[in-house]
Amino acid sequence: MTPFKSAALSRIKPSPTMAVTQKERELKAAGRDTIGLGAGEPDFDTPDNIKEAAIAAIRGGKTKYTNVDGIPELKAAICAKFKRENNLTYTPEQVSVAPGGKPIIYNAFMATLNPGDEVIVPAPYWVSYPDIVHLTGATPVIVEATAEEGFRLSAEKLEAAITPATKWLILNSPSNPTGAAYSAAHLRTLADVLLRHPHVMILTDDMYEHLLYDGFEFATIAAVEPALYDRTLTMNGVSKAYAMTGWRIGYAAGPVWLIKGMAGIMSQSTSNPTSISQYAAVEALNGPQDFLPTRNKVFQERRDLVVSMLNQASGLTCPKPEGAFYVYPSCAGLIGKSTASGVVINNDEDFARELLESEGVAVVHGAAFGGSPAFRISYATSTETLEEACRRIQRFCASLK
């Protein structure tokens with residue numbers, strides 16, 4: 001028969017970060033000496049107390065369907081976390097739990113967006129934001145936040161981007177892919193704009209909340225400006241801080257009408273998140289948090305190493321990020337140069353492809369995140385691996401003529 005596809009499928013592209021990771025794995029399986037710096041995944045293991053909670057859930061028979069958008073115990077733990085860490089008060093009926101962060105965003109946008117609606121997406125952005133908007137038939141409005149602006153959306157640019165069709169603004173702090181973080185003072189300037197436009201909702205992606213360095217204090221917009229509380233979906237998860245990427249638990253809190261709508265979407269799509277993962281997440285949020293500073297110290301040391309070594313590479317400029325576990329160096333100084341085999345580096349995709357081909361180092365090109373010419377490196381891997389990868393990047397950059 002003739003293949004047929006939906007219009008929605010034609011509006012999106014496969015995740016570039018997953019594609020890079022898969023390509024590196026294939027090369028490694030074929031015998032190549034490769035280093036993968038593409039995946040946004042901590043190399044630390046899930047803490048033992050969380051694993052034990054999952055095992056106890058299995059042994060206790062907690063392996064059945066649960067409420068569509070989360071067990072009561074987890075919703076209670078999420079409410080406690082928001083109060084304890086963010087000074088935000090939510091009730092369980094204001095909380096949604098989904099199988100990862102992407103479904104939270106997807107559910108929220110599917111529940112609220114129609115063709116013709118607009119969503120403001122600051123760039124560089126996490127690769128999934130605009131594509132999830134496209135899936136709904138709405139339009140992502142990309143607003144550039146430059147390196148000179150610290151990769152942070154300015155109040156002036158936000159004001160200029162809002163139209164009567166704007167339904168959502170996405171904020172992500174600390175950021176994937178840049179590691180940039182918004183201070184409370186900066187969020188205050190954005191809040192002042194949003195207060196003048198009451199038709200705009202805010203989705204704040206706080207997934208990297210606990211990964212901040214040099215004493216930078218985390219802030220989230222609903223706490224900075226309580227008048228935006230009823231217009232904000234505050235999203236988080238256990239993937240990054242607790243090294244639980246494969247457990248697939250994301251969560252969010254917001255207005256009851258939105259949470260109910262998201263549950264309706266889930267009821268006809270994924271249904272509940274995995275029961276075992278939910279009980280593990282209860283322990284993650286309620287259990288000991290003392291390992292977080294220790295791991296952050298390691299991440300900060302890795303960040304400093306990578307920033308230093310990349311800034312020593314010919315043609316690269318690497319800002320020092322405030323958080324997450326990514327750096328986002330510019331390769332503008334290498335555009336137009338050629339490899340030893342005569343391949344011209346016309347853009348950051350060429351740079352990433354030739355770096356992988358020549359030195360076996362996998363990075364994600366900046367165009368995937370809406371910010372070029374640059375590339376993203378995840379430093380969530382061992383110091384020894386990062387040193388070797390950066391030496392290879394330095395060698396590759398030096399070889400370009």
message: The conditions are (1) open to solvent by 10 Å² or more (accessible area, probe 1.4 Å); (2) among the hydroxyl-bearing types (Ser, Thr, Tyr); (3) at pLDDT 95 or above, and residue 341 fails exactly one of them. Which is it?
response: (3)
task: Within the stretch 146-180, work out how many residues are assigned to a strand (DSSP E or B) and closer than 11 Å to residue 125 by Cα.
output: 3
- prompt: Name the pairs: first residue in the stretch 217-237 and closer than 15 Å to residue 170 by Cα, second residue among the charged types (D, E, K, R) and at pLDDT 95 or above, Cβ to Cβ under 6 Å, at least 6 apart or on different chains?
  reply: 220/206; 235/205; 236/206
field: Residues that are of a type outside the set (Lys, Arg), in contact with a helix residue (DSSP H, G or I) (Cβ under 8 Å, 6 or more places away or on another chain), surrounded by fewer than 16 Cβ atoms within 10 Å (Cβ to Cβ) and outside any helix (DSSP H, G or I), drawn from the stretch 7-33
entry: 12
statement: Per the list (1) in contact with a strand residue (DSSP E or B) (Cβ under 6 Å, 6 or more places away or on another chain); (2) of a type outside the set (Ser, Thr, Tyr); (3) free of Cβ contacts under 8 Å to residues at least 40 places away in the same chain; (4) in a helix (DSSP H, G or I), residue check on residue 143 breaks on (4)
- request: Please determine, by comparing only the residues of the stretch 122-140 that are assigned to a strand (DSSP E or B) and without any contact (Cβ under 8 Å) to a residue 40 or more places away in the chain, which one is surrounded by the fewest Cβ atoms within 10 Å (Cβ to Cβ).
  value: 139
task: For residue 276, state whether it is open to solvent by 10 Å² or more (accessible area, probe 1.4 Å), of a type in the set (A, V, I, L, M) and within 24 Å of residue 239 (Cα to Cα).
output: yes
message: Suppose we filter the stretch 72-103 for residues that are in contact with a strand residue (DSSP E or B) (Cβ under 7 Å, 6 or more places away or on another chain) and touching a residue at least 24 places away in the same chain (Cβ under 8 Å); how many remain?
response: 14
- request: Looking at (1) crowded, with 20+ Cβ neighbours inside 10 Å; (2) under 19 Å from residue 98 (Cβ atoms), find the lone condition where residue 246 falls short.
  value: (1)
field: Options 69, 45; residue that is touching a residue at least 40 places away in the same chain (Cβ under 8 Å), open to solvent by less than 60 Å² (accessible area, probe 1.4 Å), under 18 Å from residue 237 (Cβ atoms) and part of a loop (DSSP other than H, G, I, E, B)
entry: 69
- request: Please state which of the following conditions residue 119 fails to meet, knowing it meets all the rest: (1) closer than 12 Å to residue 109 by Cα; (2) surrounded by fewer than 21 Cβ atoms within 10 Å (Cβ to Cβ); (3) not small (Gly, Ala, Ser).
  value: (2)
task: Would you check which residues across the stretch 50-66 are open to solvent by less than 50 Å² (accessible area, probe 1.4 Å) and under 17 Å from residue 286 (Cβ atoms) and list them?
output: 50, 53, 54, 57
- prompt: Exactly one of (1) more than 26 Å from residue 295 (Cβ to Cβ); (2) not in a helix (DSSP H, G or I) is unmet by residue 38. Its number?
  reply: (1)
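The values are calculated or read from the model by the stated rules, or taken from the named source; none is laboratory data. Since we're looking at a predicted model, the values are computed, not measured. Neighbour counts run over all protein chains shown; Cβ positions are idealised from the backbone, glycine included. In case anyone asks, the SASA skips ligands and DNA or RNA and just uses the protein heavy atoms, side chains included. Shrake-Rupley method; radii C 1.70, N 1.55, O 1.52, S 1.80 Å.
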